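Visitor: Right, I'll just put the structure down here and ask away after.
The values are calculated or read from the model by the stated rules, or taken from the named source; none is laboratory data. As the structure is a prediction and not an experimental result, all values here were calculated from the model. With ideal geometry, Cβ positions are generated from the backbone for all residues, glycine too; neighbour counts draw on all protein chains shown.
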């Protein structure tokens, strides 16, 4: 496992920087930021799965449909922590925790946890796609 650790350090942070923060924090555009978020399509494949607050989607089109909802166009994220580990098949497991704010309700941040299972893109050395993504808001019990 130790020899695989550098891969985790290489693959984990780009996903966090490319997926978690820009997905919902891009500067507003005329269409509410959706044009920028459409660039996420390259991160998914037909076998990719997303579970968003218990609702499952599979495939690039379905995942982008879930992520590009208008109600998600004005969300700001603050990543508190992230960790990555080697996964089977040459993949990388990434977990991210943090807070998000909807619109300008900065006094009402909501905690979240998001997990990514990255897998190598066949025939593209060093390339990864998101095979599995899970997102949950964390509420006090």
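Visitor: Can you spot a residue in the range 96-111 that is in contact with a helix residue (DSSP H, G or I) (Cβ under 7 Å, 6 or more places away or on another chain) and surrounded by 15 or more Cβ atoms within 10 Å (Cβ to Cβ)?
Guide: Of the range 96-111, the ones in contact with a helix residue (DSSP H, G or I) (Cβ under 7 Å, 6 or more places away or on another chain) are 96.
Checking which are surrounded by 15 or more Cβ atoms within 10 Å (Cβ to Cβ) leaves us with 96.
Within the range 96-111, one or more residues are in contact with a helix residue (DSSP H, G or I) (Cβ under 7 Å, 6 or more places away or on another chain) and surrounded by 15 or more Cβ atoms within 10 Å (Cβ to Cβ).
Visitor: Going through 86, 6 one at a time, which residue ends up being modelled with pLDDT of 80 or more and more than 30 Å from residue 140 (Cβ to Cβ)? Even if it seems obvious, please write down each step before you answer.
Guide: Working: 6 fails: modelled with pLDDT of 80 or more.
That would be 86, the only listed residue that is modelled with pLDDT of 80 or more and more than 30 Å from residue 140 (Cβ to Cβ).
Visitor: Before we move on, is residue 123 under 18 Å from the mean Cα position of the chain (by Cα) and loosely packed, with under 15 Cβ neighbours inside 10 Å? I'd like the intermediate steps shown before the answer.
Guide: Values: under 18 Å from the mean Cα position of the chain (by Cα): no; loosely packed, with under 15 Cβ neighbours inside 10 Å: yes.
No.
Visitor: Going by the structure shown, is residue 114 assigned to a strand (DSSP E or B) and in contact (Cβ under 8 Å) with a residue 12 or more places away in the chain? Steps first, please.
Guide: Values: assigned to a strand (DSSP E or B): yes; in contact (Cβ under 8 Å) with a residue 12 or more places away in the chain: yes.
Answer is yes for this residue.
Visitor: Restricting the search to the range 31-46, which residues are modelled with pLDDT of 75 or more, assigned to a helix (DSSP H, G or I) and surrounded by fewer than 18 Cβ atoms within 10 Å (Cβ to Cβ)?
Guide: Restricting attention to the range 31-46, the residues satisfying the condition of being modelled with pLDDT of 75 or more are 40-46.
Cutting the leftovers down to assigned to a helix (DSSP H, G or I) gives us 40-43.
Hits for the range 31-46 are 41, 42.
Visitor: Mind checking which strands (runs of 3 or more DSSP E) fall wholly inside the range 47-94 and carry at least 2 residues that are closer than 17 Å to residue 134 by Cβ and under 13 Å from the mean Cα position of the chain (by Cα)? Step through it out loud before you land on a result.
Guide: Details: elements: 49-52, 55-58, 75-87.
The qualifying strands (runs of 3 or more DSSP E) are 49-52, 75-87.
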